[in-house]
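Asker: The structure's right below; bear with me while I get my questions together.
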Amino acid sequence: MKLFDSHCHLDDNSYNQDLDKVIKRAQSAGVVRMMTIGVNGKTSARAVKLAESHPEIYASVGVHPHDVKSCRESVIEDLKSLAVNQKVRAWGEIGLDFNRMYSPRKDQEMWFEKQLEIADQLGLPMIFHERDSNGRFLEILENHTTGKLKGVVHCFSGDNNELKQYLDLGLYIGITGILTIKGRGARLRKLASIIPLDRLLVETDAPYLVPAPEKNQHRRNEPAFVKSVLLKLAEVKQEDPKQLAETIWDNTCRLYGVEA
């Protein structure tokens, strides 16, 4: 069973002392590829450096909605320079977050639209973050595109209507360990059952969102635990785990433009 953790944050300080062991545990669990995500200029640079030094790791670059309050054109130019690296296979994590409002709404919308344009220019798929935008995220996406978008809605937590619109736009849906959590994951399990197989990705969002099977023993998530997400997804969709893993592997490689 080959697995691809489509979204993790391996530059996080919690991995400073044992990243090599984390990567070995991932490989032992069948997680042979990982996408580490940039959320601002500094983390994007660290993500690229990690990808350069580990063959199993790829990187994305971008500015998260939490961080756009301090975004400047110079930051975007630096990210564009990083994006020419062959290990950079996506732009993101970008989007809107009107829940915590760490950045003003006008800044979030402006830099989201700007980064959509840049990702298009560079031909990179996009990694999207959305929380409590009350339809504004979808409105911007629909105004931006005239055809199918190439990207993934990371850590999907929306409703049935949002899911349908994401699928209509051609997007992939990223499923996290929330799926495994009894109460919090109930709606996600219901919706996951109707997502087409060829639109699914699995992710940890490590070091966040530890899946239920590991939650009592670990405070920090890591790529190895994406296997628990895959096994729960197979149960929810009543699919053979090995076959589902193969399908999701192909989906992830196709999205990120890496050899399957």
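Asker: Return the equivalent ellipsoid semi-axes of the stretch 77-130 as a descending list in whole Å, where each equals the square root of 5 times an eigenvalue of the C-alpha gyration tensor.
Answerer: Numbers: eigenvalues 99, 23, 18 Å².
Square roots of five times the eigenvalues give 22, 11, 9 Å.
Asker: Where does the stretch 43-122 land on Rg(C-alpha)/(2.2 N^0.38 Å)?
Answerer: Numbers: Rg = 12.8 Å, N = 80, 2.2 N^0.38 = 11.6 Å.
Rg over 2.2 N^0.38 Å, computed on Cα atoms: 1.10.
Asker: Which residue fluctuates most in the GNM of the chain (Cα springs below 10 Å): THR204, THR36, THR146?
Answerer: THR146
Asker: In deg cm²/dmol and to the nearest 500, what is the mean residue ellipticity at 222 nm of the chain if only DSSP H runs of at least 4 residues count, each as -39500 (n - 2.57), divided by the residue total?
Answerer: Details: 10 runs with 108 residues, N = 260.
Dividing the helical sum by the residues of the chain leaves -12500 deg cm²/dmol.
Asker: Any chance you could list P(r) for the chain, counting all Cα-Cα pairs in 10 angstrom bins from zero, rounded to whole %?
Answerer: Whole-percent P(r) values from 0 Å outward: 7, 33, 39, 19, 1.
Asker: Within straight cross-link reach of LYS227, meaning Cα distance under 28 Å, which lysines are found once same-chain residues fewer than 8 apart are removed?
Answerer: Output for LYS227: LYS2, LYS21, LYS24, LYS49, LYS87, LYS150, LYS164, LYS182, LYS190, LYS215, LYS237, LYS242.
Asker: Over the stretch 1-101, how many percent of alpha carbon pairs lie in each 10 Å bin up to the one with the longest distance?
Answerer: 16, 45, 29, 9, 0
Asker: When each pair of different Cα atoms in the stretch 67-180 is counted once in the 1/r mean, what is the Kirkwood radius in angstroms, to one decimal?
Answerer: Details: mean 1/r = 0.0681 Å⁻¹.
That comes to 14.7 Å for the stretch 67-180.
Asker: Can you give me the pair-distance distribution of the stretch 147-260, C-alpha pairs, 10 Å bins, whole percents?
Answerer: Final binned percentages: 14, 48, 33, 5, 0.
Any read-out appearing in this document is the output of simple, stated calculations on the displayed coordinates, not a laboratory observation. Bear in mind the structure is a predicted one, so any value in this text is a computation, not a measurement.
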